[in-house]
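The values are calculated or read from the model by the stated rules, or taken from the named source; none is laboratory data. The shown structure was predicted, so the numbers you read here are calculated from the model rather than taken from an experiment. Here the Cβ is made from the backbone with ideal geometry for all residues, glycine too, and neighbour counts use every protein chain on show.
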Amino acid sequence: MDPAHIPGYDLIETLGHGGMGTVYLGRCPDGHPVAIKVLSKGEGVDLSSRRLRFQREIQILKSLTHPNIVSVTDHGSTPWVDYYVMEYVDGVSLREFLDGLRTPLNPDKCVPILRDITRALECLHQAGIVHRDLKPENILLGKNGDLKVTDFGISSLVEEIGLQTATGHFLGTLDYMAPEQRARLPLDGRADQYSMAVIAYEMLAGKRPLGRFKPPSHHNPRLGQQLDSVLLKGLEEDPDDRFGTVSELVDEISNANSRPKIRIGIKILSIATIALIGTIAVGVPVRRDLAKSNDLPINNYSEKNYIEDPTDSLPAKAKALPEEPTTEKERSKTDRGPTYFLDLARDHAAKLRTEDSIRAYTELVRLAPDEALPLVERADQFRQARLHDEALADLEKALSLDPTFPNARALRGMIYAQLGDSSRAIFDLTAELDQDPTNPAALTNRGWLYFKSGKSAEATADLNQSIAADPAFGLAYQYRALVSMRESRFAQAMEDFRQAIKCSPTNPYPHTLLSSLLSTCKNRDLRNGELARIHAMRACELTQEKNAQCLQALSAAYAELNQLDEAIETCQKALKVAHPAQKTVITRQLKGYEKRVARKEDFPDES
């Protein structure tokens, strides 16, 4: 075979080999890149059947027009080869993408990929065609975000029976092949649904469901039982027991992922961040002791005192390990299985019942001593109770059981940050990012620590990367805004605060920070007292007027509007809920407003 004889095209390099031929990167006469698939006429005794399938693939692709299916632009034959020309996708296959990951894919990133594959399959199924060889190698991910399904060499109409080669071998890839296809039974779109379920399982669990496989959460503890049930249904032996369509499968995966739950993974870092920096993440209740935090710069842009853990006000009894049941009668009341105690512990954690959560996790650790998950989640509860030694001990044991357990090192890093050991904190966060370079929470928190240590360039790089990995992660915008404030880029800071609010509308802190900037910005052209008042009032509403920083920001907004009586009254409210470190600043602010009132009384015409 000499592919150089394909008329009208220059062949540049080989892109890959398939069951029926080779795919080359080519160039059109106008210079545009294309992919050219060729079938050799001189290989194998079953040439006629392979040519038949090759022509079938061309006809199928020519009959379909869909943004998620590769399109054919030309085809023909030479004395050496049959060939067809298709659009070139500059990127990688889903197989290459998955092989490059060190950990399973987050469901939030898995679902958009599955959606695009589903759209392609729906187009096929509506045309009465079954792909029959859906696998990661046949799914292309373009650098521009496009996804294309390709390789339709063994696709068939739904009324056809499973194809077989002259030597009796199956066509298709067994790991992704539906049971009815292996049995050469009539096929419909549910065969592709089975293949899709295998791909989803592999993306979420990091392994293929081979033989007597376990639920995906066994391999990836971040997944819940709802996702297990959905994927296992998609992998049923009998097609009648699966979902009606592949769209239903993906809808259920999306719904299961969106149900309220506390998960290990990104969510555990979000919880860690709440207590560390006083930030309220979307979906997490406002802490009752939020007024104890001192993480916001008001009326000045010093980065001092941004961090103070608000868990000092936890009751003393939460600072002791819960006792194990000692009598047989007490033990029988709690012996309900690991799943029961995991759900119970997470429910207590979601409701900020730290003591009860630790008690439930302790029972879970007793029932499952060789599992890393309960140790990591209990460590986060210990951290919130300021039991740092106990938290670190849990994480050490968890990492000895599973050195790559998601976010274990990141959580340990956040504990070191609380203890003031930034170098060890950054080391652990970096180790976590070595496993998952796109973990937005780890990137954001390392960026914050870089910012704290005066490394603005490193902080900006991490925060930019976090935003690129997850444009909806509001905390990254909030911290990037603080970097901009330090460098006097106030307009950019305001824009990032607005993005943080858009991503996390129930987080009071970007409202407060933006309000403070709008009231006291050194660039007076950027000040807007009325807008500052609106944001500060929203922050006060979210914190039930129990947070001194939010009230302080509202007071500054009133002062910018020259409403000094309201500014004084709000300052007095802030003093009532402030802790000692805050009271000094607020008292100085209050005295400044009182002096302004006195000057107005002495000089009533003064504007």
In segment 44-89, anything more than 18 Å from residue 131 (Cα to Cα), touching a strand residue (DSSP E or B) at 6+ places or on another chain (Cβ under 6 Å) and at pLDDT 85 or above is listed as 73, 74, 75, 83, 84, 85, 88, 89
Residue pairs within 8 Å by beta carbon, gap of at least six or interchain, first lying in segment 30-42 and modelled with pLDDT of 85 or more and crowded, with 20+ Cβ neighbours inside 10 Å, second aromatic (Phe, Trp, Tyr) and in a loop (DSSP other than H, G, I, E, B), listed first then second, are 35/88; 36/9
Of the residues that make up segment 582-596, is at least one free of Cβ contacts under 8 Å to residues at least 40 places away in the same chain, crowded, with 21+ Cβ neighbours inside 10 Å and among the β-branched types (Val, Ile, Thr)?
-> yes
Basic (Lys, Arg) and closer than 28 Å to residue 108 by Cα, is that true of residue 498?
-> yes
The one condition in (1) within 18 Å of residue 119 (Cβ to Cβ); (2) in contact with a Leu (Cβ under 9 Å, 6 or more places away or on another chain) that residue 84 fails to fulfil | (1)
Helices (runs of 4 or more DSSP H) completely within segment 383-498 that count 3 or more residues being of a type in the set (Asp, Glu) | 388-401, 422-435
Given segment 21-124, what strands (runs of 3 or more DSSP E) lie entirely inside it while holding 2 or more residues that are under 30 Å from residue 403 (Cβ atoms) and of a type outside the set (D, E, K, R)?
-> 91-93
Only one of 492, 499, 549, 544 is surrounded by fewer than 16 Cβ atoms within 10 Å (Cβ to Cβ), touching a helix residue (DSSP H, G or I) at 6+ places or on another chain (Cβ under 6 Å) and of a type in the set (S, T, N, Q); which?
-> 492
Look through 112, 104 and report the one residue that is in contact with a helix residue (DSSP H, G or I) (Cβ under 7 Å, 6 or more places away or on another chain) and at pLDDT 80 or above.
-> 104
Flag if residue 439 is in contact (Cβ under 8 Å) with a residue 40 or more places away in the chain, out of contact with any Ser or Thr (no Cβ under 6 Å at 6 or more places or on another chain) and within 24 Å of residue 102 (Cα to Cα) = yes
Out of segment 233-252, which residues are more than 19 Å from residue 112 (Cα to Cα) and assigned to a helix (DSSP H, G or I)?
-> 233, 239, 240, 241
Return the residue satisfying two criteria in turn: it lies in segment 127-182 and is over 36 Å from the mean Cα position of the chain (by Cα) and of a type in the set (Ser, Thr, Tyr), and of such residues it is modelled with the highest pLDDT.
-> 156
Kindly indicate whether residue 526 is surrounded by fewer than 16 Cβ atoms within 10 Å (Cβ to Cβ) and touching a residue at least 24 places away in the same chain (Cβ under 8 Å).
-> yes
